[in-house]
Amino acid sequence: MCKKVLGKARKNNSTQPSFEQPIILSRDQHPVSRKHMSHNALKVLYRLNKGGYDAYLVGGGVRDILLGLTPKDFDIATNATPEQIKALFRNCRLIGRRFRLAHIVFGREIIEVATFRGHHDNDKDQKTSKQNEDGMLLRDNIYGSIEEDAERRDFTINALYYSAKDFKVYDFANGVADVYAKQIRLIGDPETRYREDPVRMLRAIRFSTKLGMEIHPDTKAPIVDLAPLMANIPPARLFEEFLKLFMSGKAVENFQLLREYNLFQYFFPAVDQQLNQQSQPYLADFIALAMKNTDYRVNNDQRVTPAFLFAAMLWYPMQEHIQRLNSETQLTPQDAFFGALSEIMSEQQRSIAIPKRFQAVMKDIWILQEKLARRDGKRAYKALEHPKFRAGYDFLLLRAEIEGATNKNPEEAAALQELAKWWGDFQACNIDTQQVMIKSITSNKSGPRRTTRKRRKPRVQHASKEA
Ligand code: ATP
Ligand code: MG
């Protein structure tokens, strides 16, 4: 049916739209209906129209409905300025400096409303528009017409506008044809568009995996060469992109493409380096399995935390740091752990700004690996009561599966698998059996108990502190 609709649209209009003359699909020529839209998005469209403004559903909302998918969120474009939008909605928050937007908040649902963007070529006013020497837009707050807005959008499939006034879809860049041809194609000159905003390279990959589409050869061609522009992206924005790429059910595919296009290094430089050098035998399989599990959980509506994936990514790089500190210093194992932790986190933060709450969970997952290995006396129960026990245990299972599948160190691998099985059994059995399990661990402890700990290096006293 969709192809038929497209044929009709093409017959009714010229075959190639221009930004001044879009292809217009009337209500009977497209499947986009209000029943696919959230009530809140419709409310916003109606209120803007009633206030005398133009307003359209745009982007993923239209594209996904055309594809028979449920849109993740609903974005609206209007000729009302942010201040005019704010005056219409009590529940409106204005956000963003680089790109000023209105968020209309309905409990957990946020409808994003953007004022039509215009061209900024001749703009000399740095308050509204600004570019750096690489051509990257540091500010993009010049307002314009719907035609200009369409030209400033990233891909043809994202420049489709639906009006709740006449129920028509306005296609400015032949996006409907690309939707059905399953093509991700940048609007305008690809190199310029990537320079303006290098995140568009990530978006091309993300939409291709999410929608099962091909990246058009012209859109694909400059990516590898322009990948270094990613270094200009602020770590906070990269964190947001990390979530979209890795926590939406397509982590495995996105990871492969990011590596292929040399883009992964801007997310996790230490991991990328180790993958290239193949210096850690388990790393590639370990993160692949962690991503596969994350995808499975997301696609089956199970809870996921980005902290788990961060912990998995950085676990082996972290082990390398610990080994280095152990060989170069005389720190206690605990101090070496915390030293390595702070080194790896500060290194990582330069790429992705991982919020503190996730850093804390990563740390817990890693600390639990040590705690789970020591099960005697009351320790097993202490570990079990740890608030992040489940994540720590899942992490242990992952390690056991990967390390057990290789012959790198059979003795260590067997011990890890035994440990993972022990914890599985321990959780499943009653308290009497648990006591027996703990006893057998305590009595089986091989070798003499370690009574001496590695000594800390004596602290150097600073004269100024003594004074
Ligand atoms: P989804 O919400 O499913 O991830 P989307 O296409 O709606 O996909 P959003 O990030 O919600 O993506 O952005 C909404 C729209 O804003 C896009 O469809 C696109 O038209 C425009 N847009 C977003 N980011 C950019 C960008 N970096 N450059 C140009 N246009 C963009
Ligand atoms: Mg969207």
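The values are calculated or read from the model by the stated rules, or taken from the named source; none is laboratory data. Note that the coordinates shown come from a computational prediction; the quantities given were computed from them, not determined experimentally. As a convention, Cβ positions derive from the backbone with ideal geometry for all residues, glycine included, and neighbour counts pool all protein chains shown. We work out accessible area using only protein heavy atoms, side chains counted, and drop any ligands, DNA or RNA first. Shrake-Rupley method; radii C 1.70, N 1.55, O 1.52, S 1.80 Å.
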* Asked: So what is the relative contact order of segment 3-187, in percent, for Cα pairs below 8 Å that sit 6 or more residues apart?
  -> 25
* Structure fact -> Length gained if GLN273 through ARG237 is fully extended, taking 0.36 nm per residue and subtracting the Cα-Cα distance, is 10.7 nm
* Roughly what angle does helix 235-246 make with the longest principal axis of the chain, taking Cα atoms, 0 to 90 degrees, to the nearest 10? -> 90
* Asked: Cross-link list LYS292/LYS388; LYS72/LYS168; LYS50/LYS130; LYS72/LYS388: which exceed 26 angstrom alpha carbon to alpha carbon?
  -> LYS50/LYS130; LYS72/LYS388
* To do: Whole number in Å², please: accessible area per residue of the chain, 1.4 Å probe, ligands, DNA and RNA not counted.
  => 52
* Structure fact -> Treating only Lys and Arg (+1) and Asp and Glu (-1) as charged, each at its beta carbon, one finds that the chain has a dipole about its Cα centre, in Debye to the nearest 20, of 1760
* Using θ = phi - 60° and the Karplus relation 6.51 cos²θ - 1.76 cosθ + 1.60, list the HN-Hα couplings for segment 381-390 in order, rounded to whole Hz, with x at every Gly or Pro. => 5, 4, 5, 4, 7, 4, x, 9, 3, 4
* With a ≥ b ≥ c the root eigenvalues of the C-alpha gyration tensor of segment 16-136, is it rounded (a/c under 1.5), prolate (a/b larger than b/c) or oblate? -> oblate
* To do: Rounded to the nearest 10 degrees, what's the angle between the helix 356-373 long axis and the longest principal axis of the chain, both from Cα atoms, 0 to 90?
  => 30
* Local electrostatic count, PRO269, Cβ distance below 10 Å [Lys/Arg +1, Asp/Glu -1] -> -1
* Structure fact -> Of every hundred units of 1.4 Å-probe accessible area on the chain, the number belonging to carbon and sulfur atoms, as a percent, is 49
* Structure fact -> Once both label points are put 7 Å beyond Cα along the C-beta direction, the GLU385-THR192 separation in nm becomes 6.6
* To do: Counting only C-alpha contacts under 8 Å and six or more residues apart, can you give the relative contact order of segment 279-407 as a whole percent?
  => 29
* Asked: Expressed as a whole number of Å, what is the distance separating the alpha-carbon centroids of segment 34-70 and segment 370-446?
  -> 52
* Asked: Rounded to the nearest 500, what is the chain's calculated 222 nm mean residue ellipticity when only DSSP H runs of at least 4 contribute -39500 (n - 2.57) each, over all residues?
  -> -16000 deg cm²/dmol
* **Dipole of the chain, positive end: most advanced residue of MET313, PHE106, GLN84 [Cβ charges, Cα centre]** => PHE106
* Asked: How high is the relative contact order of the chain, in percent, counting Cα pairs under 8 Å that sit 6 or more residues apart?
  -> 10
* Structure fact -> Once the dipole of the chain is set up from charges on Cβ (+1 Lys and Arg, -1 Asp and Glu), the residue from the list LEU257, LEU289, ILE322 lying farthest towards its positive end is ILE322
* To do: Find out how many positive minus negative residues lie around THR219, taking Lys and Arg as positive, Asp and Glu as negative, among other residues whose Cβ is under 15 Å from that of THR219.
  => -1
* Structure fact -> Quick note, the chain: a/c under 1.5 would make it rounded; otherwise a/b > b/c is prolate and the rest oblate (a ≥ b ≥ c, C-alpha gyration tensor); here it is prolate
* Asked: Relative to the Cα centre, what is the charge dipole magnitude of segment 3-187, using +1 at the beta carbon of each Lys and Arg, -1 at the beta carbon of each Asp and Glu, and rounding to the nearest 20 debye?
  -> 760
* To do: Give me the aspartates and glutamates in straight-line cross-link reach of LYS86: C-alpha distance below 13 Å, same-chain residues under 8 apart excluded.
  => GLU112
* To do: For the chain, build the charge dipole from Cβ charges (+1 Lys, Arg; -1 Asp, Glu) around the Cα centre, then report which of LEU138, CYS429, GLY51 sits farthest towards its positive end.
  => CYS429
* Asked: Taking the Cα-to-Cβ direction at GLU418 and at LYS50 and moving 7 Å from each Cα, how far apart do the two end points lie in nm?
  -> 7.2
